[in-house]
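The structure under discussion appears below in the form of structure tokens.
Values quoted throughout were computed directly from the atomic coordinates according to the rules given, and no laboratory measurement underlies them. Note that the structure is predicted; figures quoted are calculated from it, not measured. Methodologically, a virtual Cβ is constructed for each residue, glycine included, from the backbone with ideal geometry; neighbour enumeration extends over all protein chains shown.
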Amino acid sequence: MKKTVLANIHEALGAKMVDFAGYYMPVTYRGINEEHLQVRDAVGIFDVSHMGEFYVKGKQAADWVQYMTSNDVTKLVDGKIQYSCLPNEIGGIVDDLLVYRINEEEYLLVVNASNIEKDKAWLLEHNKFDATLTDRSEELSLFAVQGPKAAEALQSLTDMDLAAMKYYTFEIGTFAGVENVMVSATGYTGAGGFEIYMPNENAEQIWTAIMEAGKPQSIEAIGLAARDTLRLEMGFCLYGNDIDDSTSPLEAGLGWITKFNGEFINSKNLAYQKEKGVGRKLIGFELLDRGIPRKEYGLVNEAGEDIGEVTSGTMSPCLKKGIGMGYVKPEYAKSGTKIGVKVRNRVLNAEVVKFPFYKG
């Protein structure tokens, strides 16, 4: 397993460490529910240094990124970020990612840890443009500071006006005494907050500074298990669960990041799919009975007929009920539809609901 720079710090904090996408990562510190509510109510810090960072530079950097991704890169300006995906040639998704426009000829692509090598190979295989890709995944650390008190906890460390930073924008400046640190406002929790990108050699200094500056807001280190329950309450897709090489972005409800203003990989087939409709749709559902839905549990209609399966599920710490996501036939995707979840030898009653589950 690969280790992030702060592995020893996580151990010292009492984290339960696990293998996550080939990295030695903290899954929980004092308990999933407690950490989840800490982020919803106050502020927490995640070490997500396992994520991948590719810098795309050159005269045709924008053209390359536009061809590889489903969203419309031409809408970006310097300092703006876009959520997007890398479509494959058979209608599925190579990965979902964030696209940062640094300037006209330089972009940062932030990809999932489990897909770093796959994504890099895919991008390079299709590089017919005057641009280069530099993989800095092993050189950079990344922290996500999330929660309603995130700006308050971090502001003393930088001259950047964090409270004024708009959603899906970023700035580069001095942070905790370190120059050229990138701070962005995207987030995977629905609780608001910031991501901080820095060279590995500055990671411990910046982590320590954040933990000290955030003491008045009771900042805590948060593990990846709570990151998963937080994203699930918002209905955010997780690669490998809710989307993968076989799921279309249109099936996954990602039509909003699938723009047909120009040509990208598989755009013609996806445009045809948009016109004709999809054979299944990603839904959210809440259990009406007590229980916890899990990945690969079957979904049935009221007659007990198979209509799909669960892709993600948990007991929501905020809603105190079982929630999940899964694919079903389109006729069962409407909000309010009653469905069943197969849990061992039982079928638990559930209802299709709109995302997000947690309304705040």
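Computed from the C-beta positions of E138 and K354 and an R0 of 41 Å, the FRET efficiency is 0.55 to the nearest 0.05. Under 12 Å from the Cβ of V145, count the other residues' Cβ atoms, weight Lys and Arg +1, Asp and Glu -1, and hand me the total. Residues near V145 contribute -3 overall. With Cα atoms as the point set, the radius of gyration and Dmax of the chain evaluate to 20.6, 63 Å.
Taking Lys and Arg as +1 and Asp and Glu as -1, the other residues whose beta-carbon sits under 14 Å from that of K3 total -4.
The charge dipole of segment 279-353, taken about the Cα centre with unit charges on the Cβ atoms of Lys, Arg (+1) and Asp, Glu (-1), comes to about 220 debye, rounded to the nearest 20.
Which shape class, rounded, prolate or oblate, goes with segment 151-236 when its Cα gyration tensor gives a ≥ b ≥ c as root eigenvalues, a/c under 1.5 marks rounded, and past that a/b bigger than b/c marks prolate?
Numbers: a/c = 1.67, a/b = 1.38, b/c = 1.21.
The shape class here is prolate.
Going down the table (K118/K329; K3/K166; K75/K128), which pairs top 28 Å between alpha carbons?
On the way: K118/K329 30 Å; K3/K166 32 Å; K75/K128 22 Å.
Checking Cα-Cα distances, K118/K329; K3/K166 exceed 28 Å.
Scaled against 2.2 N^0.38 Å for its residue count N, the alpha carbon radius of gyration of segment 52-134 is 0.97. With Rh defined as the Kirkwood radius, the inverse of the mean 1/r over Cα pairs, the Rg/Rh of segment 205-247 is 1.20.
Distance from the Cα centroid of segment 100-147 to that of segment 224-281 is 20 Å (rounded to whole angstrom).
Pairs of Cα atoms under 8 Å, at least six residues apart: use those to get the relative contact order of the chain, whole percent. Kindly include the intermediate steps, with their values, before the conclusion.
Working: 831 pairs, mean separation 61.2, N = 360.
Answer for the chain is 17 percent.
Evaluated over the Cα positions of segment 279-353, the convex hull gives a direction-averaged projected area, one quarter of its surface, of 4.3 nm².
Extension gain for D130 to W256 (0.36 nm times residue separation, less C-alpha to C-alpha distance): 42.5 nm. Where in segment 84-106 is the amide nitrogen less than 12 Å from a point lying 7 Å along the Cα-to-Cβ axis of A121? Correct set: none at all.
Can you figure out the FRET efficiency of N180 with E34, using R₀ = 45 Å and their beta-carbon distance, to the nearest 0.05? The formula returns an efficiency of 0.80 here. Pair-distance distribution of segment 1-97: all C-alpha pairs, bin width 5 Å, starting at 0; shares per bin in whole percent are 2, 10, 15, 15, 13, 13, 15, 11, 6, 1.
Of all aspartates and glutamates in the structure, the ones whose alpha carbon falls short of 19 Å from that of K354, not counting any fewer than 8 places away in one chain, are D228, E233, D242, E251, E286, D289, E309, E331. Converting phi to 3J(HN,Hα) with the Karplus coefficients 6.51, -1.76 and 1.60 and the offset θ = phi - 60°, segment 274-289 yields 4, 6, 8, x, 9, x, 7, 9, 7, 10, x, 9, 10, 6, 8, 9 Hz in sequence order, with x at every glycine or proline.
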